[in-house]
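Working notes for the structure below.
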């Protein structure tokens, strides 16, 4: 019997899922978490609007962008201290629409986010390749 592949260590620390009022109205949720060396990370999620029309997607992206600015302002006092990561529907794992928001105060934190994402995605790609070849 094949042993299942071990999963990558989970680096999402203090993970919390919430549904603030404006999110509830849009059938969305917010996941907040920390990464090592990065205190303010969020995933803004919507399953319902993932396949909606163009106007619906633009409205959702506008809401998420305003939320990124609000979160950055609330966390560090600077509405522009954030970076976003969004994957198109054809290249993401889940069917819903989600936007990653990383609130950063220093340039090295931006490099850190890219390094963490690079290692995570390279590990997942290698695991997938191993599964295909077995």
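The values are calculated or read from the model by the stated rules, or taken from the named source; none is laboratory data. Since the model is a prediction, treat every value here as computed from it, not as a measurement. Cβ coordinates were reconstructed from backbone atoms using ideal geometry, including for glycine residues, and neighbour counts include every protein chain displayed.
See the values below:
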| item | result |
| --- | --- |
| Test result for residue 105, under 22 Å from residue 30 (Cα atoms) and touching a helix residue (DSSP H, G or I) at 6+ places or on another chain (Cβ under 7 Å) | yes |
| Conditions (1) at pLDDT 90 or above; (2) more than 23 Å from residue 120 (Cα to Cα); (3) out of contact with any helix residue (DSSP H, G or I) (no Cβ under 9 Å at 6 or more places or on another chain); number of the one not met by residue 15 | (2) |
| Output for region 45-62, where each listed residue is surrounded by 15 or more Cβ atoms within 10 Å (Cβ to Cβ) and either at pLDDT 95 or above or in a loop (DSSP other than H, G, I, E, B) (or both) | 49, 50 |
| Residue list for region 30-50, restricted to those being within 12 Å of the chain's Cα centre (by Cα) and farther than 16 Å from residue 82 by Cβ | 45, 46 |
| Those residues of region 92-134 which are touching a residue at least 12 places away in the same chain (Cβ under 8 Å), in a helix (DSSP H, G or I) and over 27 Å from residue 62 (Cα atoms), in sequence order | 120, 123, 124, 127, 130, 131 |
| Neighbours by Cβ (under 9 Å, 6+ apart or cross-chain): first from region 1-20, part of a strand (DSSP E or B); second modelled with pLDDT of 50 or more and surrounded by fewer than 11 Cβ atoms within 10 Å (Cβ to Cβ) | 13/36 |
